[in-house]
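Since the structure comes first, as structure tokens, the remarks are kept for the end.
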Amino acid sequence: MWTSLCQERDARIEQVDHKDLNFTEQILSATSFSRQLAEQMTLAKAYVIIAKEHNNLHLAWELSSRIRSCQLLLSRAAMRGEPITLKEAEPIIKSLSSLIFKAQDAHYDIATTIMTMKSHIQALEERANVAIVQSTVFGQLAAEALPKSLHCINVKLTVDWLKKQSLQGLADDKRNSPRFTDNNLYHFCIFSDNVLATSVVVNSTVSNADHPKQLVFHVVTNGVNYGAMQAWFLSNDFKGSTIEVQNIEDFTWLNASYAPIVKQLLDANSWAYYFGGDQDLKVEPKLRNPKYLSLLNHLRFYIPEIYPQLEKVVFLDDDVVVQKDLTPLFSLDLHGNVNGAVETCLEAFHRYYKYLNFSNSIISSKFDPHTCGWAFGMNVFDLIAWKKANVTARYHHWQEQNADATLWKLGTLPAGLLTFYGLTEPLDRRWHVLGLGYDLNIDNRLIESAAVIHFNGNMKPWLKLAIGRYKPLWERTKSFSMESPHRKGITLGCLLLCLGVLGLPVLYPKLSSLVLVWTGICHEHLGSFMSLLWRCKDTGVHTAIQEAPAELFG
């Protein structure tokens, strides 16, 4: 009976066109030997575990041997692209069947098998969950890392800023430009420590503007990147637009006595939460992103304090690309509201209950959990209405209420949802399309119609893990000169700061070969560069750079 059925099945299988063979379909087919072998192998694996638990090692060895034979046969069939024949399958199926009956005779009944399988499925699920968490953590680490090329750009630009007095003089001349406070112009603000990303935002905005000379960009960065940001925007012309670069460390008024967020960011527990060795796996890795410790991330709530003479601004995140003229935003009627933003509640999970803790009565008594959320990243702010509604004080109130992080976890959006509650004007969705940093399936027509596309999410366009489909949208707006700066100048600048700051010139013999290999510098300049490293140790990096010969930096 068995032989006749197998022969009939084998005859059907032999009629399959080998060119069209799909091995997955073979495994799923009820009439294929591949399916029968796979099922017997799965059952045999369960009996191997049970046999080992009952110390029947000989049976476990026999089953394992047949399983290996089965795996080998399936692998060969997949590689050659041909179905398994009766002649190949019959000996393995018979031997496996015999061993499975032997296991059943040894009292490894179905109930025992089911219980064993359940326990091992649970163990596998736990391992899979751990793997998922680890994958998320590694992805988060990759998202937080700054690529070496971008770091080197910053270093080279910082060197230029420190060495070229003309740049610093030009910055002083522009510091009090009347264009910075002219309300007849169009003002944009960007708060970032990423020179390349900020450049893309500015470049894409002016490239799509009808009148780029009427655009003014207000950039705020941190002390580490201030020189690089100044050097870049002073050395390049963005179609006649005006660009102001400020250092957040000069905002002496933004201190712990005035801003609750400053006090919270300086708290030792906050730093331990982000950088401590003991981390709770139950907390989403993205919520441990150290960017939340950056005060730059919270400057959006202090725009009237930073620019007291301006009446209306457009706020742009550094991970956006502008595709259309944004000046019509300034003529939109916000109907007395402070914040013009695109709502994000087309999907149910972008409502208030997603971001806020409605089990807390402070939240549940004042807000509707189904209120539509909106997006930061491209916002129009009416600063006259802002001051009238005393929005910054509202922000301070909610930050103080959340000192123990019980109202929301982290980030600026939950605080924004509370601060601008009842003060937000919904904008047309085409002004701001989000998700290019995590969503693989955004409609091309929506992207093409968008005024601003936003790479929110971990897959930033300047990282290797960027979504390939969207990356060209960002890369086409990069400035060419920033794409390929002088390689020797970059690598020497990197080596100077990375080694000089750490006082590593004491490793002179080893560093000599390192410099030659890494930078490709010729022998005639090697001695000068190593002397420069010694100077970094003795006099400090800034002094050493000022005194360095220009040929070392290209």
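The values are calculated or read from the model by the stated rules, or taken from the named source; none is laboratory data. This is a predicted model, so every value here is computed, not measured. Neighbour counts are summed over all protein chains in view; Cβ atoms, including those assigned to glycine, are modelled from backbone coordinates with ideal geometry. Protein only, heavy atoms only, side chains kept; ligands, DNA and RNA dropped before computing areas. Shrake-Rupley method; radii C 1.70, N 1.55, O 1.52, S 1.80 Å.
Report the residue count in region 437-463 for those that are in contact with a Gly (Cβ under 6 Å, 6 or more places away or on another chain) and without any contact (Cβ under 8 Å) to a residue 60 or more places away in the chain.
Looking only at that region, the number is 3.
Hey, among the residues in region 187-210 that are out of contact with any helix residue (DSSP H, G or I) (no Cβ under 8 Å at 6 or more places or on another chain) and outside any helix (DSSP H, G or I), which one's least open to solvent (accessible area, probe 1.4 Å)?
Here the residue is His187.
Out of everything in region 471-486 that is modelled with pLDDT of 55 or more and in contact with a helix residue (DSSP H, G or I) (Cβ under 8 Å, 6 or more places away or on another chain), what residue ends up being farthest from Asp443 (Cα to Cα)?
Ser479
Taking the criterion of being at pLDDT below 95, in contact with a Gly (Cβ under 6 Å, 6 or more places away or on another chain) and open to solvent by less than 30 Å² (accessible area, probe 1.4 Å), would at least one residue in region 273-289 satisfy it?
Checking region 273-289: not a single residue is at pLDDT below 95, in contact with a Gly (Cβ under 6 Å, 6 or more places away or on another chain) and open to solvent by less than 30 Å² (accessible area, probe 1.4 Å).
Taking the options Leu196, Leu167, name whichever one is among the aliphatic types (A, V, I, L, M), under 20 Å from the mean Cα position of the chain (by Cα) and either outside the structural domain of Val245 (by the TED database) or at pLDDT 90 or above (or both).
Leu196
Could you tell me which numbered condition Asn184 fails, if it satisfies all but one of (1) surrounded by 16 or more Cβ atoms within 10 Å (Cβ to Cβ); (2) not in a helix (DSSP H, G or I)?
For Asn184, the failing item is (1).
Please determine, by comparing only the residues of region 426-443 that are in a strand (DSSP E or B) and crowded, with 20+ Cβ neighbours inside 10 Å, which one is nearest to the chain's Cα centre (by Cα).
Only one residue fits best here, namely Val433.
For region 45-94, which positions are surrounded by 15 or more Cβ atoms within 10 Å (Cβ to Cβ), more than 23 Å from Asp105 (Cβ to Cβ) and over 45 Å from the mean Cα position of the chain (by Cα)?
Correct list: Ile84, Leu86, Glu88, Ala89.
Would you mind listing the helices (runs of 4 or more DSSP H) fully within region 1-119 where at least 3 residues are at pLDDT 70 or above?
Once the helices (runs of 4 or more DSSP H) in region 1-119 are filtered for at least 3 residues that are at pLDDT 70 or above, what remains is 33-53, 57-80, 86-105.
Inspect region 399-410 for any residue being of a type in the set (A, V, I, L, M) and surrounded by 20 or more Cβ atoms within 10 Å (Cβ to Cβ) and give the result as yes or no.
Yes, there is a match, as at least one residue in region 399-410 is of a type in the set (A, V, I, L, M) and surrounded by 20 or more Cβ atoms within 10 Å (Cβ to Cβ).
Pick out, from region 305-369, the strands (runs of 3 or more DSSP E) lying fully within it that include 2 or more residues that are over 22 Å from Gly422 (Cβ atoms).
Fully inside region 305-369 and qualifying: 320-322.
Exactly one condition in (1) within 26 Å of the chain's Cα centre (by Cα); (2) farther than 19 Å from His432 by Cα; (3) assigned to a helix (DSSP H, G or I) is not met by Lys213; state its number.
All conditions pass for Lys213, except number (1).
Suppose we keep only residues that are open to solvent by less than 60 Å² (accessible area, probe 1.4 Å) and basic (Lys, Arg) within region 300-356. Which one would you say is nearest to the chain's Cα centre (by Cα)?
The qualifying residue nearest to the chain's Cα centre (by Cα) is Arg300.
Please enumerate the residues belonging to region 377-395 that are outside any helix (DSSP H, G or I) and out of contact with any strand residue (DSSP E or B) (no Cβ under 7 Å at 6 or more places or on another chain).
Asn390
Going residue by residue through region 380-397, is there one that turns out to be among the hydroxyl-bearing types (Ser, Thr, Tyr), under 30 Å from Thr477 (Cα atoms) and either under 26 Å from the mean Cα position of the chain (by Cα) or surrounded by 21 or more Cβ atoms within 10 Å (Cβ to Cβ) (or both)?
For region 380-397, residues among the hydroxyl-bearing types (Ser, Thr, Tyr), under 30 Å from Thr477 (Cα atoms) and either under 26 Å from the mean Cα position of the chain (by Cα) or surrounded by 21 or more Cβ atoms within 10 Å (Cβ to Cβ) (or both): absent.
Please determine, by comparing only the residues of region 213-235 that are over 17 Å from Phe188 (Cα atoms) and aromatic (Phe, Trp, Tyr), which one is most open to solvent (accessible area, probe 1.4 Å).
Checked region 213-235; the qualifying residue most open to solvent (accessible area, probe 1.4 Å) is Tyr226.
Search region 236-261 for residues that are in the same structural domain as Asn184 (by the TED database) and open to solvent by 50 Å² or more (accessible area, probe 1.4 Å) and pair each with any residue that is at pLDDT 95 or above and of a type in the set (Val, Ile, Thr) when their beta-carbon atoms are under 9 Å apart and the residues are at least 6 apart or on different chains.
Lys239/Val206
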